[in-house]
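Here is the structure we will look at, set down as structure tokens.
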Amino acid sequence: MDVLESLVPWGVMIVFLMFLFGLCKTYEKAGYEAYDMFLPFRYMDLSGLPKIAFLVLLLPFINIIFFIYVSYKVGIRFGMSNRMSALLSMLPFILFLITGFSKKYQYMA
């Protein structure tokens, strides 16, 4: 069990870095700077929601549901189908990489 316990934090860190790298490329594809991914209201810009809506992300338990909804809206803005947008909200660490590097998905402001 010692080997598994030492590998789990590394796996979590790799998944988190994949998510950040994919999100960075997605923001660049949308015409924003890469560092804008750290500004919460910029995520609302990607989804087409008003900037003030990021305050909902501060509410406990509601923020999880709202993040799923906002991720779904981001997928729609990038021209994804309903299924792919739903997957984007459930598996963002994989699908933000696909969104950022694929030529198929283009940002529609």
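Here is how the numbers come out for the structure above:
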| quantity | calculated |
| --- | --- |
| Any hit, the stretch 75-92, residues being modelled with pLDDT of 90 or more, of a type in the set (Lys, Arg) and surrounded by 13 or more Cβ atoms within 10 Å (Cβ to Cβ) | yes |
| Exclusive hit being touching a residue at least 40 places away in the same chain (Cβ under 8 Å) and in contact with a Phe, Trp or Tyr (Cβ under 8 Å, 6 or more places away or on another chain), set 54, 101, 78 | 78 |
| The stretch 35-46 residues that are within 10 Å of residue 24 (Cβ to Cβ), paired with ones that are assigned to a helix (DSSP H, G or I) and not polar (S, T, N, Q) (beta carbon under 7 Å, 6 or more apart) | 36/27; 36/42; 37/23; 37/24; 37/27 |
| All positions within the stretch 58-74 that are in a helix (DSSP H, G or I) and surrounded by fewer than 16 Cβ atoms within 10 Å (Cβ to Cβ) | 58, 62, 63, 64, 65, 67, 68, 69 |
| Positions within the stretch 88-108 being part of a loop (DSSP other than H, G, I, E, B) and either touching a strand residue (DSSP E or B) at 6+ places or on another chain (Cβ under 6 Å) or of a type in the set (S, T, N, Q) (or both), in sequence order | 102, 106 |
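The values are calculated or read from the model by the stated rules, or taken from the named source; none is laboratory data. All values reported here derive from a predicted model rather than from experimental measurement. Please note: Cβ atoms are built from the backbone with ideal geometry, for glycine as well, and neighbour counts cover all protein chains shown.
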